[in-house]
Structure formats: structure tokens, C-alpha cells
């Protein structure tokens, strides 16, 4: 339970010590393991759905549902919608383009 409190305080910007990240290796390890499990689950879901659902639709909905935790994180940190403002709009065209290409190619590879 303390790991979730630690994650919550990190999201809220309330650090428990002046040295960030150095004194909480268990949090980093836990988040890496969780990301691996969730990533594997995503690829298993894509593999199961690829026969009935077009690849573009899978990529769209994966990207769409990825916005939900981003908005929640920005809202918890009181940075929504100001956290979406950028000084480099060109970079906000290039990065999603490469992200979408990466999703298409990785999902197509397991299809």
C-alpha cells in the first residue's frame, strides 16, 4: 500500500525527500515491472483483436485511451490545460507522427 501512496505523492508533486528518485529504487523497479506487464497485455490484446478489427482502428483507440491518463495526471498536478501549451508547435507534429508510425509498425509486426 505504501507504494501507491508514494506514487500519489509523486504525482501531486509532494516529494518526501530533497533527493528525488535516488532514495526510492523500489518505486522505480515496481513501475518498470508494471509497465512490462501492461505492455505485454496490450500486445496480447492486439494479437487477439487483429483478425476482427482493422490495424488503423486499433492504433487510433490505443492512442485515444492513452490520453485519459495524461489528462488525469495533468489535472492532479493542476497543470491542465496549461500543461498542453507549447512554444514549439512543429515538434508537436513530428513526435506524434513518429509515434503513430511506431505503433503501426509494432502492431503490424505481431499481426
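The values are calculated or read from the model by the stated rules, or taken from the named source; none is laboratory data. Source: prediction; values computed, not measured. Every residue, glycine among them, receives a Cβ derived from its backbone with ideal geometry; neighbour counts consider all protein chains shown.
Computed quantities for the displayed model
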quantity	calculated
Matching residues, region 55-92, being farther than 15 Å from residue 42 by Cα and exposed (fewer than 10 other Cβ atoms within 10 Å of the Cβ)	67, 68, 69, 81, 82, 85, 86, 87, 88, 89, 90
Number of the condition not met by residue 34 [criteria: (1) loosely packed, with under 12 Cβ neighbours inside 10 Å; (2) under 16 Å from the mean Cα position of the chain (by Cα)]	(1)
Residues of region 80-111 satisfying the condition of being under 17 Å from the mean Cα position of the chain (by Cα) and assigned to a loop (DSSP other than H, G, I, E, B)	80
Residue pairs meeting the criteria (Cβ under 8 Å; at least 6 apart or on separate chains; first free of Cβ contacts under 8 Å to residues at least 60 places away in the same chain, in region 24-35; second part of a helix (DSSP H, G or I) and surrounded by 11 or more Cβ atoms within 10 Å (Cβ to Cβ))	24/6; 26/3; 27/3; 27/6; 27/7; 27/10; 30/3; 31/7
Residue within region 45-66 that is outside any helix (DSSP H, G or I), modelled with pLDDT of 90 or more and in contact with a helix residue (DSSP H, G or I) (Cβ under 8 Å, 6 or more places away or on another chain) present	yes
